[in-house]
Amino acid sequence: MESKLNFQKTLTDGVNLGIKNIANLLLMAFLFLITFWIPYLNVGTTIGFYKNIIALSKGEDVVPMSIFSRDNYKNLGDFFLLFGLQTAGIGAAAAFLLFPAIVVSLAWQFAMYFFLDKGTSPLKSLSLSYDATLGDKWTLFFVYLACSILTGLIVGLLAAIPKVGGILAFLALIAFVAIIIGIEATLYKYFSSKIEEKAE
């Protein structure tokens, strides 16, 4: 019997993974943000960001400076093709009102990870992501929704504290960056193993 994505376990494992690697994750996020405005370089850092999440999902170390690696610029054609197909597909789904676009975006959420991790073609990567998320989209949706609500709620409550609220809210927001990356890595680990099990 095929396993299902576990909401509580995903959040718990993701939080633990994010906190465990918080220093390197925050440094990577900081380097990404301060260089994202630089044309062409931002393409490589985006790919490097994805690659570090893949590494995290495999229990490997996060290397913040690797987002600047020259290897990130290999196969840029297929990277842009995949990005274009995702954008066009979700945009087309949005023409049928919001719900289909949400479903498609969830179904294709991990296509870029499969593309960079497995070396599959853009279309195959979309197909793998679609197959991997089959039967788990509702849970996946609620995982992302929970992340958004908890982040907003906790940051908002801390911000309301007199005098020190702004500082506490900022620190909490920084911590949530690492936690959300940890959750994303946990999700990819699950969906990647799900595809591998189907292939056996």
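The values are calculated or read from the model by the stated rules, or taken from the named source; none is laboratory data. Keep in mind that what you see is a predicted model, and the values were worked out from it rather than measured. Note: ideal-geometry Cβ built from the backbone for every residue, glycine included; neighbour counts use all protein chains shown.
When you go through THR139, THR87 one by one, which is the residue that is polar (S, T, N, Q), surrounded by 13 or more Cβ atoms within 10 Å (Cβ to Cβ) and under 17 Å from the mean Cα position of the chain (by Cα)? So that I can check it myself, show each step before the final result.
On the way: THR87 fails: surrounded by 13 or more Cβ atoms within 10 Å (Cβ to Cβ).
One residue alone meets the criteria, THR139.
For PHE99, which of the numbered conditions (1) farther than 20 Å from PHE49 by Cβ; (2) surrounded by 15 or more Cβ atoms within 10 Å (Cβ to Cβ); (3) of a type in the set (Phe, Trp, Tyr) fails to hold?
(2)
Of the residues that sit in region 62-80 and are modelled with pLDDT of 95 or more and in a loop (DSSP other than H, G, I, E, B), which one is surrounded by the most Cβ atoms within 10 Å (Cβ to Cβ)?
VAL62
Scan ALA146, ALA178, ALA159, ALA111 and give me the residue that is within 26 Å of LEU81 (Cα to Cα), small (Gly, Ala, Ser) and surrounded by 14 or more Cβ atoms within 10 Å (Cβ to Cβ).
Numbers: ALA146 fails: within 26 Å of LEU81 (Cα to Cα); ALA178 fails: within 26 Å of LEU81 (Cα to Cα); ALA159 fails: within 26 Å of LEU81 (Cα to Cα).
When all the criteria are applied, what remains is ALA111.
I'd like to check which helices (runs of 4 or more DSSP H) are fully inside region 82-197 and have at least 3 residues that are in contact with a Phe, Trp or Tyr (Cβ under 7 Å, 6 or more places away or on another chain) and within 26 Å of VAL62 (Cα to Cα).
111-118, 122-133
So which of LEU11, LEU25, LEU5 is of a type in the set (A, V, I, L, M, F, W, C), touching a residue at least 12 places away in the same chain (Cβ under 8 Å) and in contact with a Gly (Cβ under 7 Å, 6 or more places away or on another chain)? Can you show your working first?
Details: LEU11 fails: in contact with a Gly (Cβ under 7 Å, 6 or more places away or on another chain); LEU5 fails: in contact with a Gly (Cβ under 7 Å, 6 or more places away or on another chain).
Selected residue: LEU25, the only one of LEU11, LEU25, LEU5 that is of a type in the set (A, V, I, L, M, F, W, C), touching a residue at least 12 places away in the same chain (Cβ under 8 Å) and in contact with a Gly (Cβ under 7 Å, 6 or more places away or on another chain).
Restricting the search to region 50-84, which residues are over 19 Å from TRP108 (Cβ atoms), of a type outside the set (Asp, Glu) and within 18 Å of the chain's Cα centre (by Cα)?
ASN52, ALA55, LEU56, LYS58, GLY59, VAL62, VAL63, PRO64, SER66, ILE67, ASN72
Is it the case that THR35 is without any contact (Cβ under 8 Å) to a residue 60 or more places away in the chain, of a type in the set (Val, Ile, Thr), under 26 Å from LEU171 (Cα atoms) and surrounded by 19 or more Cβ atoms within 10 Å (Cβ to Cβ)? Steps first, please.
On the way: without any contact (Cβ under 8 Å) to a residue 60 or more places away in the chain: yes; of a type in the set (Val, Ile, Thr): yes; under 26 Å from LEU171 (Cα atoms): yes; surrounded by 19 or more Cβ atoms within 10 Å (Cβ to Cβ): no.
When the stated conditions are applied, THR35 does not pass them.
Please state which of the following conditions ALA199 fails to meet, knowing it meets all the rest: (1) farther than 29 Å from GLY89 by Cβ; (2) over 16 Å from the mean Cα position of the chain (by Cα); (3) among the aliphatic types (A, V, I, L, M).
Unmet condition: (1).
For ALA132, only one of the following conditions fails: (1) of a type outside the set (Phe, Trp, Tyr); (2) surrounded by fewer than 22 Cβ atoms within 10 Å (Cβ to Cβ); (3) touching a residue at least 24 places away in the same chain (Cβ under 8 Å). What is its number?
So ALA132 meets the others, but not (2).
When ALA178 is evaluated against the numbered criteria (1) of a type in the set (A, V, I, L, M, F, W, C); (2) free of Cβ contacts under 8 Å to residues at least 24 places away in the same chain; (3) in contact with a Gly (Cβ under 7 Å, 6 or more places away or on another chain), which criterion, by number, is the only one it fails?
Of everything listed in (1) of a type in the set (A, V, I, L, M, F, W, C); (2) free of Cβ contacts under 8 Å to residues at least 24 places away in the same chain; (3) in contact with a Gly (Cβ under 7 Å, 6 or more places away or on another chain), ALA178 misses just condition (2).
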